[in-house]
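Working notes, beginning with the structure itself.
The values are calculated or read from the model by the stated rules, or taken from the named source; none is laboratory data. Being a predicted model, the structure only gives us computed values, none of them experimental. Here the Cβ is made from the backbone with ideal geometry for all residues, glycine too, and neighbour counts use every protein chain on show.
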Amino acid sequence: MFIGNFLRAFFELFIVLDPISVAPIYISRSSTLPPSQRSKLLNMIVTSVFFMLLLFAIIGDLMFRLLGVSMSDFKIAAGIILLVYAVASFLNIEFTSSEAQPESLLVPIATPLLAGPGSVTVVIYIKQAYGYPMAILSLVLNVALIYPIFKAGDRIIELLGRQGVLLLDKFMNLIIAGFSISLIRMGIIEILASLH
């Protein structure tokens, strides 16, 4: 029973976190950083995702109820943030210093792509369905997998070269824009459905 519940909880969270799909975004956005800064960024991403999802696992459902925020509202908000980011990045609009810093790249990688509406929902669900220990265990193991998956990006950056990374960056911005629209659409549909 324990093993079966653990495997379900682990894969449910892994599928939604989807670090394999997010890795190309990490690669494209961190390509201008020196290796030491990329390592710092990766550590920050892993730490941020863990503590954000841990916070939601502990008090997420209570916090949403107190603030009157539904998961549909959360999807729309995350979608808008992602859309603004994707369009600005695609058009080379800088909101911060043109010199890339690890801290400025936590959005959208750590949140809302990894620690976003999907993973928050699943973490809360796992806690309610299987209990706190299972939620924490599946969270720890899933976040631990982000490190080696993203770490392989350093080799990919070397293989692609400057032009290859630039093309990857533009392509991934289009993907992010499409994903952001889908989040907004889902949130609106869910809100409209709840009104009926």
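Filter the stretch 1-20 down to the residues that are loosely packed, with under 15 Cβ neighbours inside 10 Å and more than 22 Å from the chain's Cα centre (by Cα) and list them by number.
Met1, Phe2, Ile3, Gly4, listed by residue number.
Looking at Leu53, Leu62, can you tell me which residue is assigned to a helix (DSSP H, G or I), under 25 Å from Pro133 (Cβ atoms) and out of contact with any helix residue (DSSP H, G or I) (no Cβ under 9 Å at 6 or more places or on another chain)?
Leu62
Between Leu62, Leu82, Leu67, Leu42, which is within 15 Å of the chain's Cα centre (by Cα) and modelled with pLDDT of 90 or more?
The match here is Leu42.
Quick check on my filter: what residues within the stretch 136-163 are small (Gly, Ala, Ser), buried (at least 18 other Cβ atoms within 10 Å of the Cβ) and at pLDDT 95 or above?
Passing the criteria: only Ser138.
Tally the residues that are over 16 Å from Tyr85 (Cα atoms) and at pLDDT 85 or above, restricting the search to the stretch 169-196. Talk me through it step by step, then tell me what you get.
As a first pass, look at the stretch 169-196 and keep what is over 16 Å from Tyr85 (Cα atoms): 185-196.
Filter once more, keeping what is at pLDDT 85 or above: 185-195.
Of the residues in the stretch 169-196, 11 are over 16 Å from Tyr85 (Cα atoms) and at pLDDT 85 or above.
Only residues in the stretch 1-29 that are more than 18 Å from Leu159 (Cα to Cα) count as the first member; pair them with residues that are of a type in the set (S, T, N, Q) and at pLDDT 90 or above, Cβ under 6 angstrom, at least 6 apart or cross-chain, and list the lot.
Ala9/Ser138; Phe10/Ser138; Leu13/Ser138; Leu13/Asn142; Phe14/Asn142; Val16/Ser119; Leu17/Ser119; Leu17/Asn142
For the stretch 99-144, give me the residue count where each residue is touching a Phe, Trp or Tyr at 6+ places or on another chain (Cβ under 8 Å) and of a type in the set (S, T, N, Q).
Qualifying residue count for the region: 2.
Tell me whether the stretch 100-109 contains one or more residues that are over 19 Å from Asn43 (Cβ atoms) and either crowded, with 24+ Cβ neighbours inside 10 Å or at pLDDT below 90 (or both).
Our first condition is that a residue be over 19 Å from Asn43 (Cβ atoms); within the stretch 100-109, this holds for none.
Checked the stretch 100-109: no residue is over 19 Å from Asn43 (Cβ atoms) and either crowded, with 24+ Cβ neighbours inside 10 Å or at pLDDT below 90 (or both).
Out of the residues in the stretch 21-37 that are not hydroxyl-bearing (Ser, Thr, Tyr) and not in a helix (DSSP H, G or I), state the one that is surrounded by the most Cβ atoms within 10 Å (Cβ to Cβ). Walk me through how you get there before you give the answer.
As a first pass, look at the stretch 21-37 and keep what is not hydroxyl-bearing (Ser, Thr, Tyr): 22-25, 27, 29, 33-35, 37.
Filter once more, keeping what is not in a helix (DSSP H, G or I): 33-34.
Values: Leu33: 17, Pro34: 9.
Looking at residues that are not hydroxyl-bearing (Ser, Thr, Tyr) and not in a helix (DSSP H, G or I), I get Leu33.
Could you list all residues from the stretch 38-48 that are surrounded by 17 or more Cβ atoms within 10 Å (Cβ to Cβ), touching a Leu at 6+ places or on another chain (Cβ under 7 Å) and over 17 Å from Leu139 (Cβ atoms)?
Leu41
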